[in-house]
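Take a look at the structure set out below.
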Amino acid sequence: MISHATILTADVDKVFVIIFSITITLLLLVTSFVLYFVIRYNRKRHPNPVQVRETPVVEALFLGVPTIIVLWIFYLGMITYRQERTVPADAMVVNVFARQWSWMFQYDNGIQSDTLKLPVGRPAKMLLNSLDVIHGFFVPAFRIKEDVVPGKQNYVWFQPMTVGTYDIFCTQYCGLRHSYMYSTVEVLSVEEFNSWYAGRGAAPAGAPKAEAVAAIHPGLQVIRVKGCLACHSTDGSPLIGPTYKGLFGKKGIVITPEGEREAVVDEAFIWTKVIDPGRERVKGFPPIMPSFKGQLSDDEIEEIIEYLKGLK
Ligand code: CUA
């Protein structure tokens, strides 16, 4: 027996297969008739065209059969769509935040994660929030796609049925690094999920073990979850923004409203870049950094600074 990723995957696939089969049948039918008529009624065989009288039976079939097929397709789509839009009352709610160019998932107990972790078998409702432009939340294996629109909270729900890891993509072109805006859904067994949920990262199977998790600098943890790595690397490779490697203490030219000046990356500089990034920008980089005011606590900014100090 095939195991399905979610409880509705098979229903969506059924509608797709039915519509696809009808399309293929019609294509073959129409093409065969065209070929047949081209040969049977070509000019050599029929130099003088004959006027054809209307035949009510054929016309009734022409109207009736497609109407029935189209209504049947509508019905199939409608019942599946209704299931997809009707969220079970016991669904667990996860807040999804999309921004250029990363995903963040926030749970009821305050946990924030850059991957979506869910227990198998339980319905889950995603509240979709955009912090900047239009993004698209797409989990191909779950047959789920919904726009994430600034100023409007959309939702999707699904009930994962098979433990595993599935891709999440962004499906709206949302800027330079749109194609890097992906993440994963990790469907865990209920026990694994509960221990992760209670212990915030008590290493589910396949993930780094406890000591490896502990070895991650809390500042790096913040950087990962808040999506900074969408624009900044930690290994020196150039992205949209300056790499974090060796950044602390570095000197460079910044462009201010008053003109250019030399600046050094110190604690005050990082605070300014996080809270009010538009005020001064580093020469050579596009002015696209969003403000993280209200998104990062003072402690989190301090942790980031500590991390950057150690990243030589
Ligand atoms: Cu977000 Cu494309």
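The values are calculated or read from the model by the stated rules, or taken from the named source; none is laboratory data. Computed from a predicted structure; not experimentally measured. A quick note on method: Cβ atoms are made from the backbone with ideal geometry, for glycine too, and the neighbour counts reach across all protein chains shown. Note: accessible area is taken over every heavy atom of the protein model, side chains too, but ligands, DNA and RNA are not part of it. Shrake-Rupley method; radii C 1.70, N 1.55, O 1.52, S 1.80 Å.
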The size of the Cβ-based charge dipole (Lys, Arg +1; Asp, Glu -1) of the chain about the Cα centre, to the nearest 20 debye, is 1480
Calculated from DSSP helices alone, with each H run of at least 4 adding -39500 (n - 2.57) and the total divided by the residues of the chain, [θ]222 nm to the nearest 500 comes to -11500 deg cm²/dmol
How large is log10 I(q)/I(0) at q = 0.12, 0.20 Å⁻¹ when the Debye formula is applied to the Cα atoms of the stretch 1-128, each weighted equally and without solvent?
-> -0.74, -1.23
Here the relative contact order (percent) of the chain, from C-alpha pairs under 8 Å and at least 6 apart, is 13
Ordered by number, the trypsin sites (Lys or Arg not before Pro) in the stretch 1-83 that occupy a DSSP loop and have at most 16 other Cβ atoms within 10 Å are 43, 44, 45, 53
The stretch 46-199: percent of C-alpha pairs farther apart than 19 Å?
-> 62
Between residue 125 and residue 253, 0.36 nm times their residue separation minus their Cα-Cα distance comes to what?
-> 41.4 nm
Send over a whole-number figure in Å² for the accessible area per residue of the stretch 12-90, probe 1.4 Å.
-> 90
Step through the table entries 14/125; 152/309; 125/245; 152/293; 226/250; 117/250, compare each Cα-Cα distance with 27 Å, and write down the pairs that go over it.
-> 152/309; 125/245; 117/250
Unit charges at the beta carbon, dipole of the chain: most positive-side option, 249, 100, 15 | 15
Taking only Cα atoms, what is the 0 to 90° angle, nearest 10, from helix 190-199's long axis to the longest principal axis of the chain?
-> 30
How big is the stretch 1-69 on each of its three principal axes, counting only the C-alpha atoms and giving the largest first in Å?
-> 61, 27, 13
A chain fully extended from residue 55 to residue 235 at 0.36 nm per residue, minus the present Cα-Cα distance, gains in nm 57.2 nm
For the stretch 229-301, with the dipole built from +1 on Lys and Arg beta-carbon atoms and -1 on Asp and Glu ones, taken about the Cα centre, which of 239, 292, 272 lies farthest toward the positive end?
-> 239
Over every pair of different alpha-carbon atoms in the chain, take the mean of 1/r and invert it; report that Kirkwood radius in Å.
-> 23.8
Mind checking the stretch 214-312 for GluC sites (Glu not before Pro) that DSSP puts in a loop (not H, G, I, E or B) and that have at most 13 other Cβ atoms within 10 Å?
-> 258
